Amino acid sequence: MTKVLFVCLGNICRSPTAHGVFQAMVDEQGLNDFIHIDSAGTAAYHVGNPPDSRSSEFARKRGYDLSPLRARQAIESDFYEFDYILAMDESNLMNLRALEPENYAGHLGLFLDFTAMPESEVPDPYYGGDAGFEHVLDLVESASLGLLEQIKRDLA
Ligand code: 4NP
């Protein structure tokens with residue numbers, strides 16, 4: 001079983017989008033028994049809340065259901081559970097490095113390392129307009145494909 005944790009700041013926009021998109025790809029390929037997915041935020045502002053309604057709506061239009069997801073905060077013990085801990089931006093990554101145990105043997109890095117798109121960070125759409133949410137979905141769909149290929153190689 002490979003376990004993947006997607007992390008952003010609030011766990012209501014970017015990381016739930018990654019969670020829902022990647023889950024849909026894993027389900028579609030029948031890999032549900034082999035890949036476990038979760039998401040979290042480095043901040044606690046929105047703990048217990050569902051995804052932002054704009055993220056949910058734009059995801060729904062592309063066929064992804066974010067409705068079961070609830071925000072939680074990333075904690076040190078996540079490093080003992082997850083094989084891949086993937087940050088949406090450099091700030092999230094820096095906050096995760098502060099939680100990372102010295103002996104973490106998994107992969108901590110940027111989610112967009114798994115796409116050939118030119119961006120390295122998924123921009124925070126929270127204070128912006130609709131285009132920001134569509135852009136998050138474009139980046140997340142591309143990186144999810146790359147991540148799934150990597151994990152399938154790991155599992156092979
Ligand atoms: P996320 O977006 O990190 O993609 O979930 C944000 C959500 C909420 C806030 C910031 C970013 N906030 O400041 O409340």
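Tell me which of LEU110, SER55, TYR80 sits at the most positive position along the dipole axis of the chain, charges placed on C-beta atoms (Lys, Arg +1; Asp, Glu -1).
Farthest towards the positive end: SER55.
Taking Rh as the Kirkwood radius computed over C-alpha pairs, what is the Stokes-Einstein D of the range 19-138 at 4 °C in a medium of viscosity 1.567 mPa s, expressed in µm² per second?
Translational diffusion coefficient: 83 µm²/s.
Test of understanding: what is the full-extension gain from ALA131 to PHE34, defined as 0.36 nm times their sequence separation minus their Cα-Cα distance?
Value of the extension gain: 31.5 nm.
Identify which of ASP52, ASP138, ASP38 has the largest mean-square fluctuation in a Gaussian network model of the chain, with springs joining Cα atoms closer than 10 Å.
ASP138
Is the shape of the range 61-129 best called rounded, prolate or oblate, per the rule: a/c under 1.5 gives rounded, else a/b larger than b/c gives prolate, else oblate, with a ≥ b ≥ c the square roots of the Cα gyration tensor eigenvalues?
Prolate.
Mind checking which of PRO101, PRO16, PRO123 has the largest fluctuation in a GNM of the chain, springs on alpha carbons under 10 Å?
Maximum among the listed residues: PRO101.
Contour minus end-to-end for SER91 and MET117, with contour as 0.36 nm per residue of separation and end-to-end as the Cα-Cα distance?
Contour length minus Cα-Cα distance gives 7.4 nm.
Gap in Å between the Cα centre of the range 97-125 and the Cα centre of the range 25-41?
Spelled out, the Cα-based centre of one part sits 18 Å from the other.
Please state the charge dipole magnitude for the range 49-109, taken about the Cα centre, from unit charges on C-beta atoms (+1 on K and R, -1 on D and E), reported in debye and rounded to the nearest 20.
480 debye
Are there DSSP H segments in the chain that both extend 24 Å or more along their axis (alpha-carbon positions) and score a mean Kyte-Doolittle hydropathy of at least -1.0? List them, or say none.
130-155
Is it possible to state the helix-based mean residue ellipticity at 222 nm for the chain, with each DSSP H run of 4+ residues giving -39500 (n - 2.57), the sum divided by total residues, to the nearest 500 deg cm²/dmol? What is it?
-13000 deg cm²/dmol
Assign unit charges at the C-beta atoms only (+1 for Lys and Arg, -1 for Asp and Glu), then state the dipole size of the range 2-155 relative to its Cα centre in Debye, rounded to the nearest 20.
320 debye
For the range 2-155, with all protein chains present and a 1.4 Å probe, just round the carbon and sulfur fraction of the accessible area to a whole percent.
It is 50 percent, rounded to a whole number.
Answer rounded, prolate or oblate for the range 1-72, using the Cα gyration tensor with square roots of eigenvalues a ≥ b ≥ c: rounded when a/c is under 1.5, else prolate when a/b is larger than b/c, else oblate.
Judged from the Cα gyration tensor, the range 1-72 comes out oblate (a/c at least 1.5, b/c at or above a/b).
With unit charges on the beta carbons (Lys and Arg positive, Asp and Glu negative) and the dipole taken about the Cα centre of the range 67-156, which residue among SER91, GLY132, PRO101 sits farthest to the positive side?
Of the options given, the answer is PRO101.
Is the range 20-60 best put as rounded, prolate or oblate by its Cα gyration tensor, with a ≥ b ≥ c the root eigenvalues, rounded for a/c under 1.5, and otherwise prolate when a/b is larger than b/c, oblate when not?
Judged from the Cα gyration tensor, the range 20-60 comes out oblate (a/c at least 1.5, b/c at or above a/b).
Averaged per residue, what accessible surface does the range 2-155 expose to a 1.4 Å probe, in Å²?
Per residue, the range 2-155 has an accessible area of 48 Å².
Under 20 Å from a label point 7 Å along Cα→Cβ of TYR45: give me every residue in the range 102-121 with its amide N that close.
121
The values are calculated or read from the model by the stated rules, or taken from the named source; none is laboratory data. In this text the structure is predicted, and so the values were computed from the model without any measurement. Cβ sites come from the backbone with ideal geometry, for glycine too, and all protein chains shown count toward neighbours. Accessible surface areas use protein heavy atoms only, side chains included; no ligands, DNA or RNA. Shrake-Rupley method; radii C 1.70, N 1.55, O 1.52, S 1.80 Å.
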